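Below: the structure, in structure tokens.
The values are calculated or read from the model by the stated rules, or taken from the named source; none is laboratory data. What you see is a predicted model, and the numbers here were worked out from it, not measured in a lab. Cβ sites come from the backbone with ideal geometry, for glycine too, and all protein chains shown count toward neighbours.
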Amino acid sequence: MENKKEKRGQFTSKLGFVLAASGSAVGLGNLWRFPFTAGANGGGAFVLVYFVILFIIGFTLMLGELSMGRATMLSPIGAYRKLKSKYAWIGVLGVAAGFLILSFYSVIGGWVIRYLVKAVSGDFNVTDGAVLGELFTDFIQNPLEPLVYHGIFMALTVLIVIGGVAKGIERYSKIMMPSLFVMLILLMIRSLTLPGAMEGVKFLLIPDFSKINAEVILAAMGQVFFSLSLGMGTMITYGSYLDKEQNLISSAMEIPLIDTIVALVAGLVILPAVFSFGFNPEGGPGLLFITLPAVFSQMPLGGFFAVMFFILVLFAALTSSISILEVVVSYAVDERGWSRKFSTVTLAAVIFVMGIPSSLGQGLWSHVRFFGRDILDNVDFLASNVFLPLGGLLMCLFIGWVWGVDKAIDEVTNHGKLSFPLKGFWTVMIKYVAPIGILFVFAQATGLLELILGA
Ligand code: PHE
């Protein structure tokens, strides 16, 4: 047993773990996806629904995943299998989601690297918003260049994952996460003091209730899952690397808290600037890349800050991408007995290829559209709005009704050693409120609810 544990690697401290797990949660989901998804879904209305869903899902599922991981010390599929072998397929769903998410995540990670290179070569001395928009479109429409950067991002992810858990992930998280936060606060201050910035603040924080509809609610649910890395077993995997003395309860509160603060601050960097410079808040996935250079152009030492910022975004993206690849790799290692190195390289290559259509869909294949969305948006929609919440729903039901809350609580309290005042709350949430809530959003989004209520 001792040997097996050592081979899997472990986090060496509580701080290391919380930083690594928040490193997984905080990433492009907060900095890139939250601002543009809020922008496209009515701003304040979206943020309000986001908070409601966060309250229902965040702590509930975070604690659920961590407890499953640490109870079994296995990757998602193995964890389900060990607790009740019939249900291993739920873990398979999570691994599938991991493939899909990393495929487009790495494309966006590539865009970040490109922008870092631009920042280093001082390309941002442009103040004209239209020009910044063109620079971005020219780049993403090019068939080859974004693919090269997609490859570089994937290669970086592989290098870190091969390094192993404690040595790789933990070491990088400790320095980069706090630096990112300081940087975001500086940017927020600059953004909020731009002329007309308050319009953006109002847009983001004051909900227009008439904008809340099934689509907005589904988008908010997908964003909660994506941003917190929930529903596919990332936190099962991280929990499995955690030693038995650590406090899961406080971790399950701290991680969503940190993640939410970063998303909000990122929103308060991007949206005020969007309004101040007259960009369109519904600008979609390009919002971060078009808006930020404009902000830097209005800052003393803007060129220097731009470089620093894109380095930190890149690290935030990498601490998330490694956690996604980790799920896929730990499956191959634990379940298939492949070597860590071989799994990492092979699976990353497969995911790289899967990401190619998402990248080409920005230019060469932009005519390939389903449901009014380009390829990348469709893969994102399928993974974040369908697979993750579905995985989360099944996980709640599994923990609440199959494995059993008593066993989960036993794990969470370190076998009775820790007190867990929220025990009753958590039980009700994981058995009833969270699964019914997720089902409700799904039903509404598919129009089912309207059908039933209308009949
Ligand atoms: N939470 C990460 C982010 O916000 C993305 C992610 C999703 C990571 C799912 C792991 C699993 O960038």
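For the subset of the range 383-406 comprising residues that are among the small types (Gly, Ala, Ser) and more than 16 Å from the ligand (Cβ to nearest atom), which member is surrounded by the fewest Cβ atoms within 10 Å (Cβ to Cβ)?
Within the range 383-406, the first condition is being among the small types (Gly, Ala, Ser), and the residues that meet it are 383-384, 391-392, 400, 404.
In the following step, the residues that additionally are more than 16 Å from the ligand (Cβ to nearest atom) were identified as 400, 404.
Details: 400: 21, 404: 14.
For the range 383-406, the residue satisfying everything is 404.
The single residue among 81, 70 that is crowded, with 21+ Cβ neighbours inside 10 Å and of a type in the set (Lys, Arg) turns out to be 70. Remark: pairs (first residue in the range 40-68, within 15 Å of residue 222 (Cβ to Cβ); second residue part of a helix (DSSP H, G or I) and of a type in the set (Asp, Glu); Cβ separation under 8 Å; 6+ apart in sequence or on different chains) = 41/215.
Here are 162, 101, 108: which of them is under 22 Å from the mean Cα position of the chain (by Cα), farther than 30 Å from residue 13 by Cα and hydrophobic (A, V, I, L, M, F, W, C)? Break it down stepwise before answering.
On the way: 162 fails: farther than 30 Å from residue 13 by Cα; 101 fails: farther than 30 Å from residue 13 by Cα.
Among 162, 101, 108, only 108 is under 22 Å from the mean Cα position of the chain (by Cα), farther than 30 Å from residue 13 by Cα and hydrophobic (A, V, I, L, M, F, W, C).
Hey, among the residues in the range 225-242 that are near the ligand (Cβ under 7 Å from one of its atoms) and outside any helix (DSSP H, G or I), which one's farthest from residue 81 (Cα to Cα)? Here the answer is 229.
To keep it simple, each residue is scored yes or no on (1) closer than 26 Å to residue 157 by Cα; (2) in contact with a helix residue (DSSP H, G or I) (Cβ under 9 Å, 6 or more places away or on another chain).
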site: 277; (1), (2): no, yes
site: 280; (1), (2): no, yes
site: 287; (1), (2): yes, yes
site: 291; (1), (2): no, yes
site: 297; (1), (2): no, yes
site: 300; (1), (2): no, no
site: 303; (1), (2): no, yes
site: 306; (1), (2): yes, yes
site: 314; (1), (2): yes, yes
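Among all residues of the range 281-301, there is at least one that is in contact with a Ser or Thr (Cβ under 7 Å, 6 or more places away or on another chain), polar (S, T, N, Q) and surrounded by fewer than 24 Cβ atoms within 10 Å (Cβ to Cβ).
Among the residues of the range 243-255, just one is farther than 25 Å from residue 95 by Cβ and within 16 Å of the ligand (Cβ to nearest atom), namely 254. Among the residues of the range 417-448, those that are under 13 Å from residue 217 (Cβ atoms) and free of Cβ contacts under 8 Å to residues at least 12 places away in the same chain comprise 440, 443, 446.
Residue-wise test of (1) more than 20 Å from residue 285 (Cα to Cα); (2) hydroxyl-bearing (Ser, Thr, Tyr).
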{"position": "114", "(1), (2)": "no, no"}
{"position": "121", "(1), (2)": "yes, yes"}
{"position": "128", "(1), (2)": "no, no"}
{"position": "134", "(1), (2)": "no, no"}
{"position": "140", "(1), (2)": "no, no"}
{"position": "143", "(1), (2)": "no, no"}
{"position": "147", "(1), (2)": "no, no"}
{"position": "154", "(1), (2)": "no, no"}
{"position": "161", "(1), (2)": "yes, no"}
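So for the range 105-115 (the condition being under 19 Å from residue 288 (Cα atoms) and either free of Cβ contacts under 8 Å to residues at least 60 places away in the same chain or more than 16 Å from the ligand (Cβ to nearest atom) (or both)), does at least one residue qualify? Looking for residues that are under 19 Å from residue 288 (Cα atoms) and either free of Cβ contacts under 8 Å to residues at least 60 places away in the same chain or more than 16 Å from the ligand (Cβ to nearest atom) (or both), one finds at least one in the range 105-115, hence yes. Just to be sure before I move on: is residue 222 within 19 Å of residue 393 (Cβ to Cβ) and either within 13 Å of the ligand (Cβ to nearest atom) or touching a Gly at 6+ places or on another chain (Cβ under 6 Å) (or both) in the structure I sent? Here the answer is yes, as residue 222 does meet what is asked. Of the candidates 212, 258, the single residue that is within 16 Å of the ligand (Cβ to nearest atom), among the hydrophobic types (A, V, I, L, M, F, W, C) and surrounded by fewer than 24 Cβ atoms within 10 Å (Cβ to Cβ) is 258. Looking only at residues in the range 88-130 that are over 16 Å from residue 305 (Cα atoms) and in contact with a Lys or Arg (Cβ under 8 Å, 6 or more places away or on another chain), the one that is surrounded by the fewest Cβ atoms within 10 Å (Cβ to Cβ) is 88. Restricting attention to the range 23-71, the residues that are of a type in the set (Val, Ile, Thr), under 30 Å from residue 403 (Cα atoms) and under 14 Å from the mean Cα position of the chain (by Cα) total 1. In summary, residue 213 fulfils each of the numbered conditions (1) out of contact with any helix residue (DSSP H, G or I) (no Cβ under 7 Å at 6 or more places or on another chain); (2) touching a residue at least 60 places away in the same chain (Cβ under 8 Å); (3) of a type outside the set (A, V, I, L, M, F, W, C) with the single exception of condition (2). Just one of the listed residues (64, 39, 23) is within 16 Å of the ligand (Cβ to nearest atom), at pLDDT 95 or above and either surrounded by 21 or more Cβ atoms within 10 Å (Cβ to Cβ) or not in a helix (DSSP H, G or I) (or both), namely 64.
Would it be correct to say that residue 445 is under 20 Å from the mean Cα position of the chain (by Cα) and either more than 20 Å from residue 80 (Cα to Cα) or loosely packed, with under 13 Cβ neighbours inside 10 Å (or both)?
The answer is no for residue 445.
The residues of the range 68-86 that are part of a helix (DSSP H, G or I), of a type in the set (Lys, Arg) and in contact with a helix residue (DSSP H, G or I) (Cβ under 7 Å, 6 or more places away or on another chain), listed by number, are 70, 81, 82. All conditions in (1) in contact (Cβ under 8 Å) with a residue 40 or more places away in the chain; (2) more than 16 Å from the ligand (Cβ to nearest atom); (3) part of a helix (DSSP H, G or I) hold for residue 177, with the sole exception of (2). Within the range 188-200, identify whether any single residue is outside any helix (DSSP H, G or I) and modelled with pLDDT under 90, and answer yes or no. No: zero hits.
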